[in-house]
1. Testing D13 on (1) touching a residue at least 24 places away in the same chain (Cβ under 8 Å); (2) among the acidic types (D, E); (3) over 30 Å from D60 (Cα atoms), one condition comes back false. Which one is that?
2. Could you list all residues from the stretch 15-35 that are assigned to a loop (DSSP other than H, G, I, E, B) and at pLDDT 95 or above?
3. Residues in the stretch 49-72 that are modelled with pLDDT under 95, of a type in the set (A, V, I, L, M) and closer than 14 Å to I106 by Cα: how many?
4. Which residues, counting only those in the stretch 191-217, are outside any helix (DSSP H, G or I) and either buried (at least 19 other Cβ atoms within 10 Å of the Cβ) or in contact with a Lys or Arg (Cβ under 8 Å, 6 or more places away or on another chain) (or both)?
5. Quick one: is A74 in a strand (DSSP E or B), closer than 21 Å to T163 by Cα and within 19 Å of the chain's Cα centre (by Cα)?
6. Of the residues L53, L29, L19, which is touching a residue at least 60 places away in the same chain (Cβ under 8 Å), closer than 24 Å to N90 by Cα and not polar (S, T, N, Q)?
7. Among the numbered conditions (1) free of Cβ contacts under 8 Å to residues at least 24 places away in the same chain; (2) in contact with a helix residue (DSSP H, G or I) (Cβ under 8 Å, 6 or more places away or on another chain); (3) not hydroxyl-bearing (S, T, Y), tell me where K142 comes up short.
8. Restricting the stretch 216-233 to residues that are small (G, A, S) and more than 18 Å from the chain's Cα centre (by Cα), which is modelled with the lowest pLDDT?
Amino acid sequence: MVETISDIGNFRDINEDYLGFTQHNDEKLYVIADGMGGHNAGEVASKLAVDTLINGFKNDFIDEEDTIRSLIVAANEEIYNLSHIKEDYNGMGTTVTACIVKENEITIGNVGDSSLYIIKNNIIKKVTKDNSYVQELLDKGKITLKEAKNHPNKNLITRALGTASSIQVDIYKLSADEIKYILLCTDGLSNEIDPFEMYEIINNNNTKEACHLLVDKAKANGGRDNISLILVEGDE
């Protein structure tokens, strides 16, 4: 079972998040993106990123790691090239978090600060690591987790698709054994809800109800950004 939801939040004029999923043979692909840029450029960048991954997934690659990296690199090129062709799109970019599920293995590709969490053995764990200024401060021990949560530069990302001609993609691989849920989300959710709250909502409701409750909770806690998520049951 897979459920998706995307909400504009409490303050934004447009929804610059985009998401999608598809299947090719015995492999499933899930993708979420959070766009940025003037005019409607963020909306264009996030949709182009997801569409490029979805449409390219039917091609044959060496393995899942090669697949996800190649697709994200291709999306970066598409966004970067379009931003230099059309003046209104100049400077646009987007985060992307994607995962391929094949049999008992999960392969994840990440650029930016959208996130992937897993729920396993009654705990929730964030698998991806943000490409952000605040994460760099955390890594250097200059701020605490508590300080990071309310840092004024929390939304400043250090890497995004479309902002340069080449891109570094962070890859993560893990076993799908005993994973109860996979959650992909934009920072409109992760910035507003503590992981333990996410766990409680997901673990105590069916997937459709959990998606709506997570959005409602994020909006009740502020809803300062667009809120999007993909929730996948482990046996999906």
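1. (1)
2. N15, E16
3. Qualifying residue count, the stretch 49-72: 0.
4. Within the stretch 191-217, N191, E192, I193 qualify.
5. In short, no.
6. L19
7. Going through the list (1) free of Cβ contacts under 8 Å to residues at least 24 places away in the same chain; (2) in contact with a helix residue (DSSP H, G or I) (Cβ under 8 Å, 6 or more places away or on another chain); (3) not hydroxyl-bearing (S, T, Y), K142 breaks only (2).
8. Per the stated criteria, the residue is G222.
The values are calculated or read from the model by the stated rules, or taken from the named source; none is laboratory data. Keep in mind that what you see is a predicted model, and the values were worked out from it rather than measured. For neighbour counting, all protein chains shown are included, and Cβ atoms are generated from backbone atoms with ideal geometry for every residue, glycine included.
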